[in-house]
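J.: Below you will find the structure I want to go over with you.
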Amino acid sequence: MLALRHVLQEPLPQPGLAVASVAPTPMPTRLPELRPHAPATSPRRLPLDLTEEQRRAGYNECMVPDPGPGYFAAPRYLWKGMLYPPAQGGMREDGGYDVIVHFHGGPSARKALVGYARGVVLAGFDLGNGSASYAQPFASSMLFDELRHGIEKHLRAHSNRSDAYIRHLALSAWSAGYGAVNSILRHAGPAVADAVILLDGFHAGYLEGQGGHRIDEQNVAPLLEFARLAVEGQRFFYLTHSQVGTDDYASTTEMSEWLLRKLGIRRVAGGLSEDPLGLLTYADRGGFRLRGFGGNDRLAHCDHLRHLSEAVVLLEARWGTPPAQGLRCRFTQGRDFLRQFRGN
């Protein structure tokens, strides 16, 4: 098993990690609610569509071609990050925008949404490597308040409307970025966000002197509280994990098992698949979604940023996000990925 410590400390590859591979297709305004243990159509992984020539050229799950700008306008600079607003549309009549605040791999998160998302705004922040680089700056709610104000300021300038504001907000993270999400929830409370998205990035340390590997539950109590609200339907929580192992702290697989026990939810088998990174298990309850995928190496870990597309498809339907205009995407495959959410 690959020690995740080494993966998290490696520099983030450029230009990014994610892939988007569908043609611009109108998104539904509402998706059918998945039943907890017997959904009509089980979730699955959209395979990474790379030719042998592209792989020989160096493209893989951690470095994929850029699918183009999609509906996003030119990015605006933020502190330690970039804001990607819709070039046109994506705003309600009252000036409200739906915003995804993503930590770790912002440019890759943008790629993951091209061709899939309906009209959300993306704010991506990269603060370094290791969860402490993300947790420590948010040791109080002050910095996140400033980030929110900065996002709204740019949205007002972009839309030329003084009343533009954040209508819905999701906290999203890949890998070490979970440290920011956990810290923000600890100091600002669950009311600060409508949704949480963790992509192969949910960890906790072990308690010292307790014998064996006992998870430091107090450290991740904010995420557990948010997950419980999601199960009740009050929030949305989307969580993925790989099979990457860790040495002296809890892996994403171990943390997912812990979370399901706390929530009283059982997994469902994902079905047979020859895909080594395919869906192994999942769990759906209320606004809670868990996806367990295969793979125990660096490429498997990188691949999870692409699951942001499914999370946002579900989330935009929940929010009723207004569509953007001017969709542009060079890739035309992958339409079946969207059809499963329409029930076709």
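The values are calculated or read from the model by the stated rules, or taken from the named source; none is laboratory data. Please read these numbers as outputs of a predicted model, since none were measured by experiment. Counting neighbours? That spans all protein chains shown, and the Cβs are built from the backbone with ideal geometry, glycine included. The accessibility values were calculated without ligands, DNA or RNA, using every heavy atom of the protein model including side chains. Shrake-Rupley method; radii C 1.70, N 1.55, O 1.52, S 1.80 Å.
J.: Identify the residue in the range 290-321 that is without any contact (Cβ under 8 Å) to a residue 60 or more places away in the chain and not in a loop (DSSP other than H, G, I, E, B) and, among all such residues, is surrounded by the fewest Cβ atoms within 10 Å (Cβ to Cβ). Let's see the steps before the verdict.
T.: If we filter the range 290-321 for residues that are without any contact (Cβ under 8 Å) to a residue 60 or more places away in the chain, which is where we start, we get 290, 292, 294-295.
After this cut, where a residue has to be not in a loop (DSSP other than H, G, I, E, B) as well, the list is 290, 292.
Values: L290: 25, G292: 22.
Among those residues, the one meeting the criterion is G292.
J.: If you take the residues in the range 150-170 that are among the basic types (K, R) and not in a strand (DSSP E or B), which one is farthest from A193 (Cα to Cα)? Explain how you work it out, then say what you get.
T.: Taking the range 150-170 and keeping what is among the basic types (K, R), we get 153, 156, 161, 167.
From the residues that got through so far, the ones that are not in a strand (DSSP E or B) too are 153, 156, 161.
Details: K153: 19, R156: 20, R161: 23 Å.
The residue in question is R161.
J.: If I ask for residues that are open to solvent by 30 Å² or more (accessible area, probe 1.4 Å), part of a loop (DSSP other than H, G, I, E, B) and modelled with pLDDT under 95, which ones from the range 81-125 would you list?
T.: R118, the sole residue that qualifies.
J.: Cβ-Cβ below 7 Å, separation at least six or inter-chain, first residue in the range 148-165 and closer than 12 Å to Y97 by Cα, second modelled with pLDDT of 95 or more and in a helix (DSSP H, G or I): which pairs?
T.: The qualifying pairs are A164/E152; A164/L155; A164/R156; Y165/E152.
J.: Are there any pairs with C-beta distances below 7 angstrom linking a residue in the range 211-239 that is in contact (Cβ under 8 Å) with a residue 12 or more places away in the chain and more than 20 Å from R291 (Cβ to Cβ) to a residue that is assigned to a helix (DSSP H, G or I) and open to solvent by less than 20 Å² (accessible area, probe 1.4 Å), with the two at least 6 apart or on different chains, and if so which?
T.: What qualifies is I215/W258; P222/N182; P222/L185.
J.: Suppose we filter D98, D66, D126, D94 for residues that are acidic (D, E) and more than 20 Å from E152 (Cα to Cα); which single one remains?
T.: D66
J.: Kindly check whether there is at least one residue in the range 129-149 that is outside any helix (DSSP H, G or I), on the phi > 0 side of the Ramachandran plot and out of contact with any helix residue (DSSP H, G or I) (no Cβ under 8 Å at 6 or more places or on another chain). Before you say what the answer is, go through the steps one by one.
T.: Let us first name the residues in the range 129-149 that are outside any helix (DSSP H, G or I), namely 129-131, 139-141.
Pick out the ones that are also on the phi > 0 side of the Ramachandran plot and you get 130.
From the residues that got through so far, the ones that are out of contact with any helix residue (DSSP H, G or I) (no Cβ under 8 Å at 6 or more places or on another chain) too are none.
Within the range 129-149 (the criterion being outside any helix (DSSP H, G or I), on the phi > 0 side of the Ramachandran plot and out of contact with any helix residue (DSSP H, G or I) (no Cβ under 8 Å at 6 or more places or on another chain)), the answer is no, since none of the residues qualifies.
J.: Give the number of residues within the range 198-243 that are open to solvent by 30 Å² or more (accessible area, probe 1.4 Å) and in contact with a Leu (Cβ under 6 Å, 6 or more places away or on another chain).
T.: Final tally of qualifying residues: 4.
J.: Filter the range 59-80 down to the residues that are on the phi > 0 side of the Ramachandran plot and not basic (K, R), then identify the one that is surrounded by the most Cβ atoms within 10 Å (Cβ to Cβ).
T.: Just the residues of the range 59-80 that are on the phi > 0 side of the Ramachandran plot, to begin with: 68, 70, 80.
Next, from what is left, pick out any that are not basic (K, R): 68, 70.
Values: G68: 15, G70: 23.
Checking each candidate, the answer is G70.
J.: Given the condition among the acidic types (D, E), modelled with pLDDT of 95 or more and assigned to a strand (DSSP E or B), answer yes or no: does some residue in the range 264-285 qualify?
T.: Going through the range 264-285, the residues among the acidic types (D, E) turn out to be 274-275, 284.
So of that shortlist, the ones also modelled with pLDDT of 95 or more come out as 284.
Within this subset, residues satisfying the condition of being assigned to a strand (DSSP E or B) are 284.
Yes: one or more hits.
J.: Which is in contact with a strand residue (DSSP E or B) (Cβ under 6 Å, 6 or more places away or on another chain), open to solvent by 40 Å² or more (accessible area, probe 1.4 Å), at pLDDT 95 or above and of a type outside the set (G, A, S), of R167, R156? Before you say what the answer is, go through the steps one by one.
T.: Details: R156 fails: in contact with a strand residue (DSSP E or B) (Cβ under 6 Å, 6 or more places away or on another chain).
Result of the check over R167, R156: R167.
J.: For T246, only one of the following conditions fails: (1) farther than 14 Å from S131 by Cβ; (2) open to solvent by 10 Å² or more (accessible area, probe 1.4 Å); (3) touching a residue at least 40 places away in the same chain (Cβ under 8 Å); (4) assigned to a loop (DSSP other than H, G, I, E, B). What is its number?
T.: (1)
J.: Which members of the range 174-223 meet the condition of being over 17 Å from D248 (Cα atoms), in contact with a Lys or Arg (Cβ under 9 Å, 6 or more places away or on another chain) and part of a strand (DSSP E or B)?
T.: A195, V196, L199
J.: Let me ask something additional. Condition check: over 24 Å from L305 (Cα atoms), among the basic types (K, R) and out of contact with any Cys (no Cβ under 6 Å at 6 or more places or on another chain). Does R235 satisfy that? Walk me through how you get there before you give the answer.
T.: On the way: over 24 Å from L305 (Cα atoms): no; among the basic types (K, R): yes; out of contact with any Cys (no Cβ under 6 Å at 6 or more places or on another chain): yes.
No: the conditions fail for R235.
J.: Return the pairs, sorted by first residue and then second, in which the second residue is assigned to a helix (DSSP H, G or I) and not charged (D, E, K, R), the first residue lies in the range 173-184 and is on the phi > 0 side of the Ramachandran plot and in contact (Cβ under 8 Å) with a residue 24 or more places away in the chain, the beta carbons are less than 6 Å apart, and the residues are 6+ apart or on different chains.
T.: That search, which allows pairs on different chains as well, returns S175/L8.
J.: If you don't mind, another one. When you check S172 against the structure, is it under 15 Å from the mean Cα position of the chain (by Cα) and open to solvent by less than 60 Å² (accessible area, probe 1.4 Å), yes or no? Step through it out loud before you land on a result.
T.: Working: under 15 Å from the mean Cα position of the chain (by Cα): yes; open to solvent by less than 60 Å² (accessible area, probe 1.4 Å): yes.
For S172, the condition - under 15 Å from the mean Cα position of the chain (by Cα) and open to solvent by less than 60 Å² (accessible area, probe 1.4 Å) - is met.
J.: To continue, here is another question. Do we find a residue being in a loop (DSSP other than H, G, I, E, B), open to solvent by less than 20 Å² (accessible area, probe 1.4 Å), modelled with pLDDT of 50 or more and not hydrophobic (A, V, I, L, M, F, W, C) anywhere in the range 49-58? Please lay out each step first, then the result.
T.: Just the residues of the range 49-58 that are in a loop (DSSP other than H, G, I, E, B), to begin with: 49-51, 57-58.
From what's left, open to solvent by less than 20 Å² (accessible area, probe 1.4 Å): none.
No, the range 49-58 contains no residue that is in a loop (DSSP other than H, G, I, E, B), open to solvent by less than 20 Å² (accessible area, probe 1.4 Å), modelled with pLDDT of 50 or more and not hydrophobic (A, V, I, L, M, F, W, C).
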